[in-house]
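Trainee: Dropping a structure here in C-alpha cells format, bear with me for questions.
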Amino acid sequence: MRALQEFGLSQRAACRITRCARSVAQYTPTRFDNPILVERLKDIAMERRRFGYRRLTIMLRREGFIVNHKRVYRIYDATGLQVRARKKRGVRHVRGNVIQPVTKPNERWSLDFVSDTLSTGRRFRALTIVDDFSRECIAIEVDFSLTGARVATVLTRSAIARGACEFTCDKMLEWSALTRVSQHFIDPGKPTQNGSVESFNGRLRDELLNEHAFPTIFHARRAIEEWRRDYNASRPHTSLNGLTPNEFIEQYSNIPNSRLSVAS
C-alpha cells in the first residue's frame with residue numbers, strides 16, 4: 001500500500017486497490033512499558049552486568065513480574081543493555097569422548113584451575129569444584145600455589161561434608177586410593193570433555209575476575225566466596241529450568257525416586 005502511495009495515489013485509493021481497511025492503514029501502535037519494570041530491568045542488568053536478556057527475564061519472573069522474553073528483549077535493546085561479547089583468543093572447537101550422563105547429586109564432580117592477577121601484578125590460582133548434575137559449585141580454593149596435597153585436602157573436606165565423588169600427582173593418587181574414589185582424566189587438548197567446570201570457569205572469569213581487580217589475595221578470596229554463594233543461591237540456570245542450584249537440589253531431594261532432568 002505504501003508503495004502505491006509513493007506513486008502518487010491517495011491513501012483511500014491505495015487501500016481500495018489493496019483491500020486494506022483505512023483504520024488499519026492509519027493505526028499507530030502504542031506500547032506502554034511499566035516504568036517499574038523498566039527501572040528494575042536496568043537495576044538487575046547493572047548488578048549482573050554479564051547476564052543476557054533471557055537470564056534477566058528469569059530474574060524478573062522470580063521477583064513476580066509477569067513478562068515474556070520478547071518484551072524484555074525489546075526494552076533491553078531499546079535501553080542499550082546488550083552484553084558486549086569479549087574477544088576470544090585461540091578458541092578451538094573439538095569433539096571429545098562421550099561422557100556418561102549423571103543421574104543424581106554427588107555422583108560426579110569436575111575440577112579445574114583458573115588463574116588471575118592481583119592489582120599488584122602477582123598471579124594467583126583458584127581451584128574450582130562443580131557438581132555435574134546440579135551445577136552447584138562445591139568449593140573454590142584460592143591461593144598463590146595449590147599443590148596436590150592441598151587439592152586432596154580440599155576434596156577430603158568437601159567429601160566429608162556431602163559424601164565422596166568421582167575425580168597427576170602422587171598425593172592425589174594416594175587420596176584416591178584411601179577414599180576409594182575413581183579419577184577420570186580428559187584427553188590432552190579436549191576441554192569439552194570437562195564441559196561442566198569449563199563452563200563454570202568461563203562464567204567465573206566473565207562475571208567476576210574480568211570485572212574486578214583485587215589488591216590482595218584476601219580480597220580475592222572474599223569476593224570469590226561471595227560470588228560462589230550467590231551463584232548457588234541466586235543465579236538461575238537455563239539448564240535447570242530456571243532454578244538455582246540450591247533450589248534444584250531441594251526440589252530433587254523432595255521428590256521420591258526423582259526424575260528431574262538436567263540439560264546436557
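The values are calculated or read from the model by the stated rules, or taken from the named source; none is laboratory data. As the structure is a computational prediction, the values presented were derived from the model and not from experiment. Note that each Cβ is placed from the backbone with ideal geometry, even for glycine, and that neighbours are counted across all protein chains shown. Heavy atoms of the whole protein, side chains included, go into the accessibility calculation; ligands, DNA and RNA do not. Shrake-Rupley method; radii C 1.70, N 1.55, O 1.52, S 1.80 Å.
Matching residues to (1) in a helix (DSSP H, G or I); (2) within 20 Å of the chain's Cα centre (by Cα); (3) at pLDDT below 90:
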{"site": "ARG205", "(1), (2), (3)": "yes, yes, no"}
{"site": "PHE218", "(1), (2), (3)": "yes, no, no"}
{"site": "ASN232", "(1), (2), (3)": "yes, yes, no"}
{"site": "SER264", "(1), (2), (3)": "no, yes, yes"}
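Trainee: Which condition breaks for ILE255 when tested against (1) modelled with pLDDT of 55 or more; (2) farther than 26 Å from ARG48 by Cβ; (3) surrounded by 15 or more Cβ atoms within 10 Å (Cβ to Cβ); (4) not basic (Lys, Arg)?
Mentor: Failing condition for ILE255: (3).
Trainee: Scan the stretch 25-38 and tell me whether some residue there is surrounded by 10 or more Cβ atoms within 10 Å (Cβ to Cβ) and closer than 30 Å to GLY202 by Cβ.
Mentor: Yes, that holds for at least one residue.
Trainee: From the set of residues in the stretch 82-124 that are modelled with pLDDT under 85 and among the aliphatic types (A, V, I, L, M), which is most open to solvent (accessible area, probe 1.4 Å)?
Mentor: VAL98
Trainee: Only one of these conditions is not met by LEU260: (1) open to solvent by 50 Å² or more (accessible area, probe 1.4 Å); (2) modelled with pLDDT under 90; (3) more than 21 Å from ASP112 (Cα to Cα). Which number is it?
Mentor: LEU260 satisfies all of (1) open to solvent by 50 Å² or more (accessible area, probe 1.4 Å); (2) modelled with pLDDT under 90; (3) more than 21 Å from ASP112 (Cα to Cα) except (1).
Trainee: Where residues in the stretch 1-60 are part of a loop (DSSP other than H, G, I, E, B) and aliphatic (A, V, I, L, M), which of them is farthest from the chain's Cα centre (by Cα)?
Mentor: So in the stretch 1-60, the residues part of a loop (DSSP other than H, G, I, E, B) come out as 1, 7-10, 19-21, 26-34, 48-52.
This time we only want the ones that are aliphatic (A, V, I, L, M), so: 1, 9, 21.
On the way: MET1: 47, LEU9: 55, ALA21: 48 Å.
Within the stretch 1-60, the match that is farthest from the chain's Cα centre (by Cα) is LEU9.
Trainee: Counting only residues that are touching an Asp or Glu at 6+ places or on another chain (Cβ under 9 Å) and open to solvent by less than 50 Å² (accessible area, probe 1.4 Å), which one in the stretch 176-194 is modelled with the highest pLDDT?
Mentor: By that ranking, first place goes to ASN194.
Trainee: β-branched (Val, Ile, Thr), at pLDDT below 90 and open to solvent by 100 Å² or more (accessible area, probe 1.4 Å), is that true of THR79? Explain how you work it out, then say what you get.
Mentor: Working: β-branched (Val, Ile, Thr): yes; at pLDDT below 90: yes; open to solvent by 100 Å² or more (accessible area, probe 1.4 Å): no.
No, not satisfied.
Trainee: Kindly evaluate THR128 against the criterion of being touching a Cys at 6+ places or on another chain (Cβ under 9 Å) and at pLDDT 85 or above.
Mentor: On the way: touching a Cys at 6+ places or on another chain (Cβ under 9 Å): yes; at pLDDT 85 or above: yes.
Yes; evaluated as a whole, the condition is true for this residue.
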